[in-house]
Each structure stands twice: as C-alpha cells, then as structure tokens.
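One structure below.
The values are calculated or read from the model by the stated rules, or taken from the named source; none is laboratory data. What you see is a predicted model, and the numbers here were worked out from it, not measured in a lab. Heads up, the Cβs are rebuilt from the backbone with ideal geometry, glycines too, and the neighbour counts pull from every protein chain shown.
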Ligand SMILES: C[S@@+](CC[C@H](N)C(=O)[O-])C[C@H]1O[C@@H](n2cnc3c(N)ncnc32)[C@H](O)[C@@H]1O
C-alpha cells in the first residue's frame with residue numbers, strides 16, 4: 001500500500017464575499033461535490049461555471065420520438081446535456097454517437113457520461129466536424145434513426161476566459177471551437193482588408209454599424225488581438241459615431257458572433273450537414289436542429305422545406321418551436337433558440 005498522502009490543493013483566494021472570476025468559482029467548477037450550491041445558481045437563471053444547460057430538451061425528445069433500441073447521432077455533444085437524456089430514453093438496446101470539434105471539452109464530457117454508467121457499447125464519441133457526418137455510413141450503411149444538432153457554442157466555450165470567446169473576459173482573441181485547428185480570429189483580423197471585415201459583419205450577423213466597426217477594427221488591428229482590445233475598439237468606434245449606450249452591447253455580441261462564424265466556417269459546415277442528413281437517416285428517421293440566430297435558421301428552414309417539397313422528407317415542422325416561458329426564465333440563453341424537425345421518407 002502506498003504511504004503517500006493525497007496532495008492537498010489550496011483553493012484559489014478571491015477578494016470580497018463571493019468569487020467573481022471564472023477560475024475562482026470552485027463550487028460551480030466542482031458540481032459533484034457542491035450539488036446544492038450549483039442547483040441554487042441554476043434556480044437564479046444562471047449557468048454554473050464550466051457547464052452548459054441543455055435547451056428545449058422535452059421538445060427535442062418529442063420531436064425525435066425516442067424509444068429504447070434506437071440508434072442516433074448527437075452532432076454537437078457539448079456538455080452532454082442532451083446526450084444524457086437521450087441515452088436514458090434509447091436504452092436498453094440503443095446506441096448514440098456523439099460528435100464535437102472541441103478537443104478540450106469532449107474528453108471531459110465523455111468521462112461524465114461514462115460515470116453515468118454508459119459504456120462503449122451504448123455510447124461512443126468522435127472528435128470531428130459534423131460536416132463529415134457521412135463517414136458514419138461505413139459503420140451504419142442503412143443510416144440511423146435520429147440526428148440532433150444543437151448549433152453554436154457551449155457555455156463552457158463562452159465563459160472559460162482562456163478560450164478567448166467573450167469581450168467580458170480579457171484573453172487572446174481566439175474564437176475557434178477547436179483551438180488546435182485553423183486560424184484564430186486574431187490572425188484573421190491581421191490578414192484581411194477592411195471591406196472583407198465589413199462583409200463578415202453584415203453577412204454573419206446583420207450588424208447595422210458594420211462599416212464603422214469594420215473600418216475601426218482594420219485601422220487598429222494590433223489592439224484587436226485580445227478580446228478586451230477588440231471590445232474597446234468596437235465600443236469607442238460606436239460611441240464616436242453617436243450610437244446609444246444601450247445599443248453598444250448588442251453590437252459587441254453581434255461582432256464577436258460574426259467573427260466566430262467566420263473562423264469556424266459555421267455556415268459552410270452547416271450547409272454540408274444539411275446536404276448529408278437525408279443519406280444518413282433510415283426511412284422514417286427523424287432530425288432535429290436547434291438554431292440560435294437567423295443566419296442558421298434560414299438555412300435549416302430552406303433545406304427542410306426543399307426536402308419536403310421534393311418528397312425526400314414526408315413532413316417538417318411548419319413553424320419553429322421555441323423554449324417555454326418557464327425555460328426562458330430559468331435559462332435566458334434559451335430565449336433566441338428555434339427548433340426545427342423533419343421526418344425522412
Ligand atoms: C450549444 S453546444 C451543444 C450543447 C449540448 N447539446 C449539451 O446539451 O451540452 C454546441 C457544441 O457543438 C460543437 N460544435 C459546433 N459546431 C460544430 C461542428 N461543425 N461539428 C462538431 N461540433 C460542433 C461546439 O464545439 C459545442 O460544443
């Protein structure tokens with residue numbers, strides 16, 4: 001037997017009565033040990049640090065008509081919130097494959113799901129882009145019973161300062177879902193011209209002040225190498241051009257979103273997923289896609305409508321489903337979500 005004592009780690013000290021910074025929130029970052037405290041945070045409508053709250057869970061389970069024995073894909077594993085509920089509905093006998101491009105979070109999520117008692121015969125993961133979904137046909141040539149995609153970013157990505165996603169946390173500007181792949185937003189800004197920046201802000205986020213912001217970013221590109229630097233450049237440019245204080249935060253959110261969509265090629269990969277879905281579903285198989293802004297929803301709506309009109313799908317939802325008022329109250333991040341589902345012929 002080892003006579004070594006476990007190393008006692010002192011928790012991070014913080015100023016004041018409550019931890020404010022992400023890394024100081026030791027209770028939220030350790031939900032197994034501090035379950036009660038974490039539940040209280042959720043009841044206040046907040047997302048505990050280091051986690052993600054799944055959105056429209058009941059609506060998604062209903063849309064996919066989940067039953068024991070089904071096989072499916074969660075294209076956007078994230079924290080595993082949807083996966084965990086899906087697994088409880090499709091077992092015994094079912095199987096779920098979880099994709100995510102995020103090589104930092106995926107191993108943590110896999111461990112969490114294993115701890116819930118799901119082994120490799122029931123649940124497997126792949127670090128990959130959902131644009132490559134057709135690769136599952138090697139293993140499931142007939143396709144699967146259901147496909148779920150919950151688009152965009154997880155709260156872990158948004159809230160972890162080192163990931164460089166938010167103007168609220170100073171960090172090198174990154175915005176990549178997989179930080180070991182492709183170009184960071186900081187590098188993109190160094191490389192492209194003002195016109196291209198303006199175009200990104202218009203095309204990806206319908207930013208009404210795209211011209212002012214795009215020119216400011218271009219002329220101060222070295223300051224924009226950090227999240228806070230970019231935030232300041234945008235804020236100053238908007239104030240100078242007379243934008244009201246209340247309109248600055250939404251503009252900041254749109255500009256960060258637009259750059260994130262660009263570095264992750266989010267529209268391109270969504271189009272590849274939408275093209276591949278019919279081949280990857282069995283006859284009668286169901287798909288559900290949760291979107292968070294109009295650029296995504298427009299693409300899903302158009303593809304589902306086209307597939308329904310051409311007889312590839314038998315049915316698709318006419319109007320997108322929204323989170324309930326209770327869910328919007330409990331989790332404000334669900335407010336802009338739209339859920340669309342369809343059934344393959
Ligand atoms: C909104 S979160 C999903 C949260 C998850 N449904 C849950 O309940 O925890 C979106 C996740 O999708 C991943 N993602 C986004 N685009 C992707 C893509 N093209 N391929 C694979 N994963 C992607 C992100 O890295 C992120 O982890």
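Descriptive notes on the structure:
- Candidates are the residues of the stretch 153-202 that are within 12 Å of the ligand (Cβ to nearest atom) and buried (at least 23 other Cβ atoms within 10 Å of the Cβ); the one that is farthest from the chain's Cα centre (by Cα) is 163.
Rundown of residues vs (1) in the same structural domain as residue 96 (by TED's automatic domain parsing); (2) touching a residue at least 24 places away in the same chain (Cβ under 8 Å); (3) under 14 Å from residue 149 (Cβ atoms), yes/no style:
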position: 282; (1), (2), (3): yes, yes, no
position: 286; (1), (2), (3): yes, yes, yes
position: 293; (1), (2), (3): yes, yes, no
position: 296; (1), (2), (3): yes, yes, yes
position: 300; (1), (2), (3): yes, yes, yes
position: 308; (1), (2), (3): yes, yes, no
position: 315; (1), (2), (3): yes, yes, no
position: 319; (1), (2), (3): yes, no, no
position: 324; (1), (2), (3): yes, no, no
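Every residue, every condition in (1) in contact with a helix residue (DSSP H, G or I) (Cβ under 7 Å, 6 or more places away or on another chain); (2) over 27 Å from residue 129 (Cβ atoms), yes or no:
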| position | (1), (2) |
| --- | --- |
| 178 | no, no |
| 191 | no, no |
| 201 | yes, no |
| 214 | yes, yes |
| 218 | yes, yes |
| 237 | yes, yes |
| 254 | yes, no |
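- Some residue of the stretch 141-148 being within 17 Å of residue 83 (Cα to Cα), assigned by TED's automatic domain parsing to the domain that holds residue 278 and within 13 Å of the ligand (Cβ to nearest atom): yes
- Of the residues making up the stretch 98-105, not a single one is without any contact (Cβ under 8 Å) to a residue 60 or more places away in the chain and surrounded by fewer than 19 Cβ atoms within 10 Å (Cβ to Cβ).
- Count of the stretch 47-69 residues which are on the phi > 0 side of the Ramachandran plot and within 14 Å of the ligand (Cβ to nearest atom): 2
- Residue match in the stretch 94-110 (condition: over 15 Å from residue 147 (Cα atoms) and more than 12 Å from the ligand (Cβ to nearest atom)): yes
- Scanning the stretch 77-97 for residues that are within 27 Å of residue 34 (Cβ to Cβ) and touching a residue at least 24 places away in the same chain (Cβ under 8 Å) gives 77, 78, 79, 80, 81, 82, 83, 84, 85, 86, 87.
- In the stretch 113-231, counting only helices (runs of 4 or more DSSP H) that sit wholly within it, the ones holding 2 or more residues that are over 29 Å from residue 277 (Cβ atoms) and in contact (Cβ under 8 Å) with a residue 24 or more places away in the chain span 185-191, 194-205, 210-219.
Residue-by-condition table, conditions (1) modelled with pLDDT under 95; (2) more than 22 Å from the chain's Cα centre (by Cα); (3) on the phi < 0 side of the Ramachandran plot:
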site	(1), (2), (3)
71	no, yes, yes
78	no, no, no
89	no, yes, yes
101	no, no, yes
110	no, no, yes
119	no, yes, yes
124	no, no, yes
137	no, yes, yes
